[in-house]
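Engineer: Sharing a structure below in structure tokens format, with a few things to ask.
Coordinate-derived values only; no laboratory data. What you are looking at is a predicted structure, and each value in this text was computed from that prediction instead of being measured. Note that each Cβ is placed from the backbone with ideal geometry, even for glycine, and that neighbours are counted across all protein chains shown.
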Amino acid sequence: MPTNALPVDDAGSLRHAYIQSLAYCLQACLLRGDRERARRAWAILIRCREVNWRTKWEWGLLFLSSQDTDAPGLASQADQVRHVERWINTLRVTVRNEEKPSLLHALIIYYIKEGRYRQALEELETYLPSYPYLLSASLHTYAGLLAFYLAQPASHVRQRSPSRSQQHLIVPGGDGSPSPSSSPRSSRSPSPPHAPLGWDHADFSLMGRAKGWFAKSLEIDEKEEVAKEFLRMIDHPAANDGPQSDSGDDMGSERDESEASDGSQRYDLNDEYEFS
């Protein structure tokens, strides 16, 4: 054996470290907006036999969702949305059933980040009645939040901020404890708003749908506090004392708060690399 040859275990350890460093490089390039280097790192990673790109779909989604500063704004945004949709829909065909709620969760978060609230709600209402999505409490809570948000009069719905919404992916909150019967993160929202201004002019059809989704979420997980509080507010709007606030700010504040954090919190790229 040549003197400079490494034992198998050491060689494997070095390769492991190399792949992990490359994953860190990918994340750093995306955060700095260096898409060209990020593209090169991603191209190398998906060629490594230890990397199963289907189980590491978060990396591809993070790459596709990063802003391309060289392309025209509107065209770039439309193309970006199509790329993300195609990526996730392609993965849905190949992943195991228990992983499908995570993919839908990621797509809904992306739609919210892009201000496509109605499209997000339609996507949820299409898939939630079917298995395995019907077992996810957090996805039902998101459907309720979106319906509640869209039920408000248009004048009270906060508009998205294009200059910031494309910078980072939304970081959903929750207790972070994965469950095979639900998406990996529980939905999080600021404290439920007081009865919003223009409550009497709300779309009560959408409000009824929101109530239904919140109720279903509590059937799945009775500890889903967000659904519980919003359901209480819908049933007893007059019980909310104190200064009124526009509940549109709640959906927007979740997006804005997450935009201030880096993408690693959403996709766990800082976690140690695990071989597939």
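Engineer: Would you mind computing, in nm to one decimal, how far apart the modelled labels at GLU122 and ASN52 are, each placed 7 Å from Cα along Cα→Cβ?
Structural biologist: So the label points at GLU122 and ASN52 sit 3.4 nm apart.
Engineer: In what sequence do CYS29, CYS48 fall when counting other Cβ within 10 Å, fewest first?
Structural biologist: CYS48, CYS29
Engineer: I've got another one for you. Can you bin segment 80-133 into rounded, prolate or oblate? Criterion: square roots of the alpha carbon gyration tensor eigenvalues sorted a ≥ b ≥ c, rounded for a/c under 1.5, prolate for a/b above b/c, oblate for the rest.
Structural biologist: oblate
Engineer: Need one number: nm distance between label points at VAL93 and ALA78, each 7 Å from Cα along Cα→Cβ, rounded to one decimal.
Structural biologist: Computed distance between label sites VAL93 and ALA78 equals 2.5 nm.
Engineer: Can you sort TRP42, TRP87, TRP213 by how many other beta carbons sit within 10 Å, fewest first?
Structural biologist: TRP87, TRP42, TRP213
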